[in-house]
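J.: For reference, the structure I am asking about is given below.
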Amino acid sequence: MQQRIRAVGALTAYFGIYGLALLWLGRSARFEAGESLAVLLIFGVGFSLAAWASAIGIKAPVVSVQAPRREWSATLIYLALFAVLFLGWGLSFLQTLVPAGRLQETVILIAKLITMVVLPAWLFQRLGYRWRDLVGAFSWRALLGNGQWRVLLVMAILLLGLQLTIGRGPTQLAALPEPVWFIVAVAPLALLWMTLEAGLTEEFLFRALLQTRASAYLRSETAAIVVMSVLFGLVHAPGYVLREAHLMEGMAGAPDALTAIAYSIVVVSPIGLMFGVLWARTRNFWLLVLLHGWTDLLPNLAPFIKTWFS
């Protein structure tokens, strides 16, 4: 009963926060609420339900949390420092220091792996954890066994269908001078890059560490998904204000702090809901890493080809 109350309270709070953020963004005549609501309906509702349904029958392994309050607090502090110092200032410094191109992309990848995987993993090792305690051991049987293949197949098809129909990836690829066979041949390399650059980094920090600690501390899987999703969105806000991340989102200029916060909640947090449900239902870190890389493949395939092969 208590868990149900926490779940209802968390969902009510999320939609309340989302509504306030939407109202704030609605002050601008250039903001299109319809597109943002579509993101919520597709990722936050539709794909989250698909993730839940495709995992029916899967018994997610228990991930032990030794000291929920202390680890939850430590994770929040690290996340706040990471959002401001790295996503806000650090990436801007690296982009200024290293010329755009292959070297810059490599440097940024290494920096993300250090700040989002290596350093937090080291901190949790100081708390008595091993790497496999946090993410589990990798094996193809663990990745695809126990019905996990069904989740991978269903979500991969849905995500690809979405990108092919309304994503910007196909249009960007059609504008490339390279032949189709070359694009297809390069796609696995791009998938590997996206799996490392986005999948491994974000899934470790936000799902394996943050959501797991939130679930143990709040004693509610639903509340943990909601809290993680909001924080997943909020960490993007400093980048919109302090560096040129707003250009990637098509904004005319860097937003003020409140607008950046509202935008991150409305546009980014629903994607966190989908991955949060996947983590709660499977506790399969490597499955989420692969699906995250797959999600980012088509939108980033053309830029990847331009950077590495043009």
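The values are calculated or read from the model by the stated rules, or taken from the named source; none is laboratory data. Everything numeric here is computed off the predicted structure, so don't read it as measured data. Here Cβ is always computed from backbone atoms with ideal geometry, including for glycine, and neighbour counts include all displayed protein chains. Quick note on the areas: whole protein, heavy atoms, side chains included, nothing else; ligands and nucleic acids left out. Shrake-Rupley method; radii C 1.70, N 1.55, O 1.52, S 1.80 Å.
J.: Mind ordering 3-13, 282-292 by average Cβ neighbours within 10 Å, highest first?
T.: Per-residue mean Cβ counts within 10 Å order the peptides as 282-292, 3-13.
J.: Still on this structure: Regarding the range 1-151, what's the average projected area of the Cα-atom convex hull, expressed in nm²?
T.: 13.6
J.: Work out the length of the dipole vector of the range 154-285 about its Cα centre, built from +1 on the beta-carbon of each Lys and Arg and -1 on the beta-carbon of each Asp and Glu, and round it to the nearest 20 debye. It would help to have the intermediate numbers written out before the result.
T.: Working: 7 positive and 8 negative charges, 92 e Å.
So the dipole magnitude of the range 154-285 works out to roughly 440 debye.
J.: If you put +1 on each Lys and Arg Cβ and -1 on each Asp and Glu Cβ, how big is the dipole of the range 180-244 around its Cα centre, in Debye rounded to 20?
T.: 200
J.: Ok, one more. How big is the range 178-310 by the Kirkwood estimate over distinct Cα pairs, in Å? Mind showing how you got there, number by number?
T.: On the way: mean 1/r = 0.0626 Å⁻¹.
Computed over Cα pairs of the range 178-310, the Kirkwood hydrodynamic radius comes out at 16.0 Å.
J.: Another question about this same structure. Of all the accessible heavy-atom surface of the range 12-113, with the other protein chains kept in place and a 1.4 Å probe, what percent is carbon and sulfur?
T.: Within the range 12-113, the accessible surface is 72 percent carbon and sulfur.
J.: Another question, if that's okay. Within the range 192-230, whose backbone N sits under 17 Å from a point 7 Å along Cα→Cβ of L94?
T.: 193-206
J.: R70 to V118: extension gain in nm, 0.36 nm per residue of separation minus the Cα-Cα distance?
T.: Extra length from R70 to V118 when fully extended: 15.3 nm.
J.: Please compute the Kirkwood hydrodynamic radius over the range 171-212, one decimal place, Å, based on all pairs of different Cα atoms.
T.: Working: mean 1/r = 0.0823 Å⁻¹.
Evaluated over the range 171-212, this radius sits at 12.2 Å.
J.: Give, rounded to the nearest 20 debye, the magnitude of the charge dipole that the chain has about its Cα centre when Lys and Arg contribute +1 at Cβ and Asp and Glu contribute -1 at Cβ. Display every interim value, and only then the final one.
T.: Numbers: 22 positive and 14 negative charges, 206 e Å.
Rounded to the nearest 20 debye, it is 980 debye.
J.: In the chain, how does Rg compare with the Kirkwood Rh, expressed as the Rg/Rh ratio over alpha carbon atoms?
T.: Result for the chain is an Rg/Rh of 0.94.
J.: Continuing with this model, one more query. Taking N as the number of residues in the range 260-310, what value does Rg over Cα atoms divided by 2.2 N^0.38 Å take?
T.: 1.45
J.: Net charge around H292, counting only other residues with Cβ within less than 12 Å of its Cβ (Lys, Arg = +1; Asp, Glu = -1)? Don't jump to the answer; show the numbers that get you there.
T.: On the way: positive: R207; negative: E197, E202, E203, D296.
Value of the local net charge: -3.
J.: Let me ask something else. For a label point 7 Å from the Cα of L189 along Cα→C-beta, name the residues of the range 79-99 whose backbone N is under 15 Å from it.
T.: Under cut-off, by backbone N: nothing.
J.: So for each of 230-239, 201-210, 109-118, 95-104 I average, over its residues, the number of other beta carbons within 10 Å; can you give me the resulting order with the highest mean first?
T.: In decreasing order of mean packing, 230-239, 201-210, 109-118, 95-104 become 201-210, 230-239, 109-118, 95-104.
J.: Kirkwood Rh over alpha-carbon pairs of the range 94-157, then Stokes-Einstein at 37 °C and 0.692 mPa s: what D in µm² s⁻¹, rounded to an integer?
T.: Answer from the Stokes-Einstein relation: 221 µm²/s.
J.: Set Lys and Arg Cβ to +1 and Asp and Glu Cβ to -1, take the dipole of the chain about its Cα centre, and tell me which of W149, L85, L173 lies farthest positive.
T.: W149
J.: Per residue, how much accessible area does the chain show when a 1.4 Å probe rolls over the protein heavy atoms, in square angstrom? Could you put the intermediate results ahead of the total?
T.: On the way: 15350 Å² over 310 residues.
Accessible area per residue: 50 Å².
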